[in-house]
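Read-outs: derived from the displayed coordinates by stated rules, not from any lab. Model, not experiment: these values are computed from the prediction. Positions of Cβ are backbone-derived with ideal geometry, glycine not excepted, and every protein chain shown enters the neighbour counts.
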Amino acid sequence: MTFRAGSRPVISRSIHTNTAAILRSLAMPDVPVVRLDPDLPLPAYAHPGDAGADLVAREDVTIAAGGGRAVIPTGVALAIPDGYAGFVLPRSGLALRHGITCLNTPGLVDAGYRDELRVILVNTDPDEEYTVRRGDRIAQLVIQRFEPVEWDEVTDLDDTARGLGGWGSTG
């Protein structure tokens, strides 16, 4: 910074440019991805500002009605950076129109996982089977920063207004 008597500090352009680059890198981490199937797209955001990137099916799978389940490969493997986790979430349109959702939602993808991403889908429609086609968008992936914790074993917990109220306690 340069100071002149009676004036405001001036920040050099290089400092401003470097700060902007650092802030962008903090806001959007690079996630290395291996495309295991050259004919399928990488995870992609449908719109600017979306939190979830679409994952697509690598193969055709028919999911039986009334609770049928399937594990569907996506054709990508990721190296999520340390301090981040991936969360696989259902697509609302599949749930609304066909009763298809992710069974273990959210599906957690830890930073150390390197195998192909797979999505567990379940068909909640009582009557109609559903066929996922290769290339169909089947789920969304959200990459999110998290804070690891250290567990502090105590004999008692502090009191709160909710206290021990759990399932259904708020109405």
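Around the Cα centre of the stretch 35-97, unit charges on the Cβ atoms of Lys, Arg, Asp and Glu (plus for the first two, minus for the last two) sum to a dipole of about 220 debye. Just to confirm the filter: which GluC sites (Glu not before Pro) across the stretch 106-171 are DSSP coil and have at most 13 other Cβ within 10 angstrom of their Cβ? Answer by residue number: GLU128, GLU129, GLU150, GLU153. Maximal additional length on extending the THR105-SER92 stretch stands at 3.4 nm, based on 0.36 nm per residue less the C-alpha distance. Taking all Cα pairs closer than 8 Å and separated by 6 or more residues, the relative contact order of the stretch 70-171 comes to 34 percent. Here the stretch 124-163 is assigned +1 on the Cβ of each Lys and Arg and -1 on the Cβ of each Asp and Glu. Its dipole about the Cα centre then comes out at about 540 debye. Of the chymotrypsin sites (Phe, Trp or Tyr not before Pro) found in the stretch 63-171, those in coil by DSSP whose Cβ has at most 16 other Cβ atoms within 10 Å are TYR113, PHE146, TRP151, TRP167.
Remark: the stretch 19-110 projects, on average over all directions, an area of 7.5 nm² (convex hull of Cα atoms). Relative to the Cα centre, the charge distribution of the stretch 57-163, modelled as +1 at Lys and Arg Cβ and -1 at Asp and Glu Cβ, gives a dipole magnitude of about 820 debye.
Extension gain, TYR84 to VAL149, is 22.0 nm, computed as 0.36 nm per intervening residue step minus the present C-alpha separation. For ILE100, the residues 5 or more places off, or on other chains, whose built amide H falls under 5 Å of its own are ALA95, THR124.
Placing unit charges on each Cβ (+1 for Lys and Arg, -1 for Asp and Glu) gives the stretch 36-121 a dipole about its Cα centre, and among LEU42, PRO73, TYR113 the Cα reaching farthest toward its positive end belongs to PRO73. Multiplying the residue separation of MET28 and TRP167 by 0.36 nm and removing their Cα-Cα distance gives an extension gain of 46.3 nm.
Residues whose amide H falls under 5 Å from that of ILE63, counting only those 5 or more places apart or on a different chain, are TYR130, THR131, VAL132, with hydrogens built in the peptide plane. When the alpha-carbon atoms of the stretch 40-171 are used, the pair Rg, Dmax equals 18.3, 54 angstrom. Once the Cβ-Cβ distance of ALA51 and ASP156 is raised to the sixth power relative to R0 = 41 Å, the FRET efficiency obtained is 0.60. Each label was represented as a point 7 Å from its Cα along the Cα-to-Cβ direction; for TYR113 and GLU59 these points are 1.9 nm apart.
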